[in-house]
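J.: Sharing a structure with you now.
The values are calculated or read from the model by the stated rules, or taken from the named source; none is laboratory data. If you're wondering where the values come from, they're calculated on a predicted model, not measured in any experiment. With ideal geometry, Cβ positions are generated from the backbone for all residues, glycine too; neighbour counts draw on all protein chains shown. The accessibility values were calculated without ligands, DNA or RNA, using every heavy atom of the protein model including side chains. Shrake-Rupley method; radii C 1.70, N 1.55, O 1.52, S 1.80 Å.
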Amino acid sequence: MTDHDREPQAIRAEALESLLIEKGLLTADAIDEVIVRYSERVGPMNGARVVARAWIDPDFKQRLLEDGTSAINEFSFEGGRIEKLVVVENTEKVHNAVVCTLCSCYPWAVLGLPPRWYKDPQYRSRIVREPRTVLKEMGLDLPADLEIRIWDSSAEVRYMVLPQQPEHSLGKSEQELAQLVTRNSMVGVESL
Ligand code: FE
């Protein structure tokens, strides 16, 4: 682990967690539930709502691609400050994926907690050197003629992928569409 993976807050949080469990005030299951909620639902659901709106509202999509930070401020997401957010669009010709090669910078405000693999040194180094192979290992087998672009997040700029809307979802409501959008599709390691 490197730099901000092990911030003092993280160490404090772990210490508190151990203490609360030891005192019987909290169970590990309850903690896991909170983590799952933030990592699988609340966080990514913010991003999913953004994606769904971009799919049905071309003006919003244009604002989102031009200035992700201010477009996302049109939503009133609670918690998680919005860093400078750049949204990159997947198309017929280009597939985008996101990494932080240095550590684990991630757009928390829209995607919640980063998945474990995102912080893995293997993912961080290999996705840049051999993106097609890594994506295939993760279950995304992209056509050879599809250009792959990898975006390296930092403390200053975070990236989110706008996935392509699946054909079968045309005509669905914004809420229904948001349900289809997965966290991994917004990191660019999955297609919908
Ligand atoms: Fe980082």
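J.: Considering only 171, 68, 47, give the residue with the highest GNM mean-square fluctuation for the chain, with springs between Cα atoms whenever their separation is below 10 Å.
T.: Ranking 171, 68, 47 by mean-square fluctuation puts 171 first.
J.: For the chain, which cysteines have no second Cys with its Cβ under 4.7 Å from theirs?
T.: Singleton cysteines: 103.
J.: Rounded to the nearest 0.05, what FRET efficiency do residue 141 and residue 93 give with R0 = 25 Å and r taken as the Cβ-Cβ distance? Could you check?
T.: 0.90
J.: Given charges of +1 on the Cβ of Lys and Arg and -1 on the Cβ of Asp and Glu, with all other atoms neutral, how large is the dipole of the chain about its Cα centre, in debye to the nearest 20?
T.: 200
J.: Residue 32: accessible area at probe 1.4 Å, nearest 10 Å²?
T.: Approximately 80 Å² of residue 32 is accessible to the 1.4 Å probe.
J.: Same structure, new question: What percent do you get for the relative contact order of the stretch 44-187 when only Cα pairs under 8 Å and 6+ apart count?
T.: Reported as a whole number, the value is 36 percent.
J.: Would you mind getting me the FRET efficiency between residue 70 and residue 174? Use the beta-carbon distance for r and R0 = 25 Å, nearest 0.05.
T.: After rounding to 0.05, the efficiency reads 0.80.
J.: For the stretch 46-103, just say rounded, prolate or oblate: build the C-alpha gyration tensor, square-root its eigenvalues into a ≥ b ≥ c, call rounded for a/c under 1.5, and beyond that prolate if a/b exceeds b/c, oblate if not. Provide the component values of the computation, followed by the final result.
T.: Details: a/c = 1.88, a/b = 1.02, b/c = 1.85.
It comes out oblate by the Cα gyration axes.
J.: Of 183, 132, which has the most accessible area with a 1.4 Å probe, and how do the rest follow in descending order?
T.: Heavy-atom accessible area, descending, gives 132, 183.
J.: Still on this model: Keeping all protein chains in position, work out how much accessible area residue 108 exposes to a 1.4 Å probe, and write it in Å² to the nearest 10.
T.: Per-residue accessible area (residue 108): approximately 120 Å².
J.: Accessible surface of residue 138 in the full protein assembly, 1.4 angstrom probe, to the nearest 10 Å²?
T.: 70
J.: On the accessible surface of the stretch 44-187, probed at 1.4 Å, how many percent belong to carbon and sulfur atoms? Provide the component values of the computation, followed by the final result.
T.: Details: 3530 of 7390 Å².
Carbon plus sulfur share of accessible area: 48 percent.
J.: Moving to a separate point now. Please work out how much length the chain gains when fully extended from residue 18 to residue 35, using 0.36 nm per residue of separation minus the C-alpha to C-alpha distance, in nm with one decimal.
T.: 4.6 nm
J.: Have a look at 134, 54, 26 and report the one farthest towards the positive end of the charge dipole of the chain, computed about the Cα centre with Cβ charges (Lys/Arg +1, Asp/Glu -1).
T.: Among 134, 54, 26, the one farthest towards the positive end of the dipole of the chain is 134.
J.: Another one. Given the rule -39500 (n - 2.57) for each run of at least 4 DSSP H residues, summed and divided by the residues of the chain, what is its mean residue ellipticity at 222 nm, to the nearest 500 deg cm²/dmol?
T.: Roughly -12500 deg cm²/dmol at 222 nm, from the helical runs in the chain.
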